[in-house]
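Data block below; observations after.
Any read-out appearing in this document is the output of simple, stated calculations on the displayed coordinates, not a laboratory observation. On a predicted model such as this, the values are computed, not experimentally measured, just so you know. Cβ coordinates were reconstructed from backbone atoms using ideal geometry, including for glycine residues, and neighbour counts include every protein chain displayed.
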Amino acid sequence: MGVEENTTVAVTTDTGAVAVEEVTTLAAGAVVYPVAPGYRVNVRRGPGTQYGIVRTLPYGMSVPVYCQKPGERVSGPYGTSNLWDNIANGQFVSDAYVKTGSDGYIAPRCD
């Protein structure tokens, strides 16, 4: 198991409120974000529901976000977004299901 570090961060929401959240940073430098509670999220081969399902995340998962890519617009518990989070090589989840604290990019764009 790798070395992990928990960090408390302040995030400004769309309404201007400040929320304090804890995020985990992996030894490789990727930050881990929680998937929406109560959801088993499909992991896909690309940034859209037309791509095949690689696996389904179990309840209570947190995922690293290595990069992000625009794709199909999806609505979920954290709003509607066309951003897809790359969580592993060739594996994407809709940002609308990941609590990143932002409606925009929080990681570099994927190539």
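Which stretch or stretches of segment 31-52 have amide N atoms under 20 Å from the point lying 7 Å from Ser102's Cα along the Cα→Cβ direction?
Only 31-36, 47 pass the distance filter.
Once amide H atoms are placed 1.01 Å from N in the peptide plane, what residues at a sequence separation of 5 or more from Val54, or on another chain, have their amide H within under 5 Å of its amide H?
Correct list: Val43, Arg44, Arg45.
If I model a spin label as a point 7 Å beyond the Cα along the Cα-Cβ vector, how far apart are those points for Arg40 and Cys67 in nm?
The modelled label-to-label distance comes out at 3.1 nm.
Multiply the residue gap between Ala88 and Asp111 by 0.36 nm, knock off their C-alpha separation, and tell me the result in nm, one decimal place.
Extra length from Ala88 to Asp111 when fully extended: 6.9 nm.
Explain nothing, just compute: Karplus ³J(HN,Hα) = 6.51 cos²θ - 1.76 cosθ + 1.60, θ = phi - 60°, for every residue of segment 58-65 in order, whole Hz, x for Gly and Pro.
Computed from phi, the couplings for segment 58-65 are x, 4, x, 6, 10, 10, x, 10 Hz.
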